[in-house]
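The values are calculated or read from the model by the stated rules, or taken from the named source; none is laboratory data. Small disclaimer: the values here were computed from a predicted structure and weren't measured. Neighbour counts are summed over all protein chains in view; Cβ atoms, including those assigned to glycine, are modelled from backbone coordinates with ideal geometry.
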Amino acid sequence: MQERIKYKRLGEILVESGVITKRDLVTAVNLQKNVRKPLGEILVEYNFATWEQIAEALSKQYNLPLLKEPPKDIDPDVLTMLPQTLIEKYRIIPISIDKKKGVITIVTDNVINFGRIIQEVRFATGLDVEIALMPKDIFEITYDEYFRSGIDKELVEELKIDLSASRTEEEIEEEEEELETAPVVRLVNTLIEGAIKDQASDIHIEPADKSVTVRYRIDGILRKVTTYPKHSHNAVVSRIKILSNLDISERRIPQDGKFFVKFENEQYDMRVSTMPTIFGEKVVMRVLRVSASQKRIEDLGFSNYNRKRLMYLLSHPYGIILVTGPTGSGKSTTLVAVLNELKDVTKNIITIEDPVEYSIEGVNQSQVNPDIGLTFARMLRSVLRQDPDIIMVGEIRDRETAQLAIEASMTGHLVFSTLHTNNAPAAISRLVNLGIDPYLITTSLIGIIGQRLVRTLCNDCKQKRKLRSEYIDLAKDLYPDLERVEYTPVGCPACKKSGFRGRTAIHEVMIVDEKLKELIVSGGSEIEIEKLARANGMRTMFEDGLEKVLNGITSLDEVKRVASEE
């Protein structure tokens, strides 16, 4: 590549290429005088051009290749070829190396100082340099993926200690002790900080044969963040174990622990789980925002229709209310919001959890400990001697717990618990299968809430279109006042090209009325129970999700992914 490139002003290039007119340029320049932003940002912000159009014009002007998508799986060794200071100074990212040709390829959204960039990269690497252009928004996504959300590449370099095959076990242990110092501490801090910034619910640290992969679960989907050297892994795990008050010498059995971190004036509860694998210990850290314990029912995404049905259930002075759904469907969050709704100084509320996920002010929370025989059933017996008004049992797992919870609800207590079933009607079958008499179920059960989490569409890029024909009649029947449209995910820098940002819940609220009780006692099937519940006003999770589709909150495909249409 030539080091001297005749530079033209951006506005001139865009006018010559037909992207904007001279009048557009004059308008943008005048705006620039007032807002003091780069011309490119003005042109994009005021819809004169897109970043892709700008990049295309520049690539043609300077005869440079253009990358319109973030490159996949850049080799970590390539990413560490350049100092972070150089990457940030010139807005460049190394993406590949051709060792045979002695060439390193970098991408940039910066057309200024090409000559200087080539000289400094060549000096830093000893390689010839090829440059590709990238639209600014795509460059930001790529940079976030490989630098901001991952590990500082200079930190990875610090971790790259020479590993000779002749090292003894003692030498390896000594090295791990050295890694317990600054680089490893900063590495763990960086992983946690990145997860919090990306609003991840979990951090997965997964060792393989030669490296360790880090993934974040964002909006329910696991996404690869980065990798780091395998030989640093034991030190990383040891650091996390120290924070979690776990046994750092025990690597053969799973361990569970927790610790707290504070980031930008917000406190987070980190739940740690380790598990031995053939390549070392796998670590999962769940990220729980402490402020989530203050959630209210209005924060949960209940439709007006379902919220009224829920509030009707909560108005009962006694009985049992169940929340159903798979792991990670937001059941605990729903129960937290319900308890926040019900708590006041006149009520004694006690919870039995495994573990306690959120600390709720004004609620007496306890945790089971099976290792010493402190099970849900044993704790529940004790709680009943504590003069409770409201009891929350984290999960009904066996017949004994189910029996005690139902008996508690029949003796003047309002009881809440969860079950792992696919939908609300299936909870009846689950209780019967646990050995609970249908008559006891009907004398205590008030209602069941089924739920799933769906990703919410990015408001910056979602696109509107006509609702698919097969759903028009259903939408017309259930939501006659809503326009028959749906919105689809597109992808933009704001959502990191995923098309989604955040999650919300879809629900079904089944009220156990007299007709349903009669059907349950007579041994009605799950299908019959659902049919009658729908006839009595229950909207299924899919039907509730359809309302969120029509309102542009989520996509139809997302609802279909988690909820049955039957």
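Just to be sure before I move on: is residue 487 aromatic (Phe, Trp, Tyr) and not in a helix (DSSP H, G or I) in the structure I sent?
In short, yes.
The conditions are (1) part of a helix (DSSP H, G or I); (2) more than 30 Å from residue 553 (Cβ to Cβ); (3) out of contact with any helix residue (DSSP H, G or I) (no Cβ under 8 Å at 6 or more places or on another chain), and residue 427 fails exactly one of them. Which is it?
(2)
Does the range 391-407 include one or more residues that are of a type in the set (Val, Ile, Thr), surrounded by fewer than 17 Cβ atoms within 10 Å (Cβ to Cβ) and assigned by the TED database to the domain that holds residue 528?
Within the range 391-407 (the criterion being of a type in the set (Val, Ile, Thr), surrounded by fewer than 17 Cβ atoms within 10 Å (Cβ to Cβ) and assigned by the TED database to the domain that holds residue 528), the answer is no, since none of the residues qualifies.
Between a first residue in the range 312-329 that is in the same structural domain as residue 341 (by the TED database) and surrounded by 24 or more Cβ atoms within 10 Å (Cβ to Cβ) and a second residue that is of a type in the set (Lys, Arg) and part of a strand (DSSP E or B), which pairs have beta carbons less than 8 Å apart while being 6 or more apart in sequence or on different chains?
Filtered contacts from the range 312-329: 325/452.
So that you can scan it fast, the table gives a plain yes or no per residue for (1) buried (at least 20 other Cβ atoms within 10 Å of the Cβ); (2) at pLDDT 80 or above; (3) out of contact with any strand residue (DSSP E or B) (no Cβ under 9 Å at 6 or more places or on another chain):
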position	(1), (2), (3)
97	no, yes, no
100	no, yes, yes
109	yes, yes, no
139	yes, yes, no
144	no, no, yes
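Restricting attention to the range 453-484, which residues are assigned to a loop (DSSP other than H, G, I, E, B) and among the acidic types (Asp, Glu)?
Narrowing the range 453-484 to residues assigned to a loop (DSSP other than H, G, I, E, B): 458-462, 467-468, 479-484.
Within the range 453-484, 460, 481, 483 meet the criteria.
Does residue 488 satisfy the criteria of being touching a residue at least 12 places away in the same chain (Cβ under 8 Å), surrounded by fewer than 18 Cβ atoms within 10 Å (Cβ to Cβ) and over 31 Å from the mean Cα position of the chain (by Cα)?
Details: touching a residue at least 12 places away in the same chain (Cβ under 8 Å): yes; surrounded by fewer than 18 Cβ atoms within 10 Å (Cβ to Cβ): yes; over 31 Å from the mean Cα position of the chain (by Cα): no.
Considered against the rule, which asks whether it is touching a residue at least 12 places away in the same chain (Cβ under 8 Å), surrounded by fewer than 18 Cβ atoms within 10 Å (Cβ to Cβ) and over 31 Å from the mean Cα position of the chain (by Cα), residue 488 comes out as no.
Give me a count of the residues in the range 301-352 that are touching an Asp or Glu at 6+ places or on another chain (Cβ under 7 Å) and in a helix (DSSP H, G or I).
Final tally of qualifying residues: 4.
When the range 200-250 is examined, which residues are found to be of a type in the set (Lys, Arg), at pLDDT 90 or above and either in contact with an Asp or Glu (Cβ under 6 Å, 6 or more places away or on another chain) or within 30 Å of residue 496 (Cα to Cα) (or both)?
Result: 215, 217.
Out of 531, 515, which single residue is of a type outside the set (A, V, I, L, M, F, W, C), over 24 Å from residue 302 (Cα atoms) and surrounded by fewer than 17 Cβ atoms within 10 Å (Cβ to Cβ)?
After ruling out the rest, the residue left standing is 515.
Determine if the range 521-530 includes at least one residue that is of a type outside the set (D, E, K, R), under 21 Å from the mean Cα position of the chain (by Cα) and under 24 Å from residue 450 (Cβ atoms).
For the range 521-530, residues of a type outside the set (D, E, K, R), under 21 Å from the mean Cα position of the chain (by Cα) and under 24 Å from residue 450 (Cβ atoms): absent.
Considering only residues that are of a type in the set (Lys, Arg) and in a loop (DSSP other than H, G, I, E, B), which ones fall in the range 368-391?
Within the range 368-391, just 385 meets the criteria.
Considering only residues that are closer than 19 Å to residue 52 by Cβ and of a type in the set (Ser, Thr, Tyr), which ones fall in the range 7-32?
17, 21
Determine whether residue 358 is outside any loop (DSSP other than H, G, I, E, B), among the hydroxyl-bearing types (Ser, Thr, Tyr) and touching a residue at least 24 places away in the same chain (Cβ under 8 Å).
Taking the combined requirement at face value, the residue does not satisfy it.
One residue is enough: does the range 67-83 have a residue meeting the conditions under 30 Å from residue 212 (Cβ atoms), modelled with pLDDT of 80 or more and in a helix (DSSP H, G or I)?
The answer is yes; a qualifying residue exists.
Report the residue count in the range 43-56 for those that are at pLDDT 85 or above and out of contact with any Lys or Arg (no Cβ under 9 Å at 6 or more places or on another chain).
5
Out of (1) surrounded by fewer than 17 Cβ atoms within 10 Å (Cβ to Cβ); (2) in a strand (DSSP E or B), what's the single condition that is false for residue 105?
(1)
If a residue must be out of contact with any helix residue (DSSP H, G or I) (no Cβ under 8 Å at 6 or more places or on another chain) and within 25 Å of residue 444 (Cα to Cα), how many such residues does the range 368-382 contain?
3
Take residue 369 and tell me if it is surrounded by fewer than 19 Cβ atoms within 10 Å (Cβ to Cβ), more than 30 Å from residue 531 (Cα to Cα) and not hydroxyl-bearing (Ser, Thr, Tyr).
Spelling it out, residue 369 is indeed surrounded by fewer than 19 Cβ atoms within 10 Å (Cβ to Cβ), more than 30 Å from residue 531 (Cα to Cα) and not hydroxyl-bearing (Ser, Thr, Tyr).
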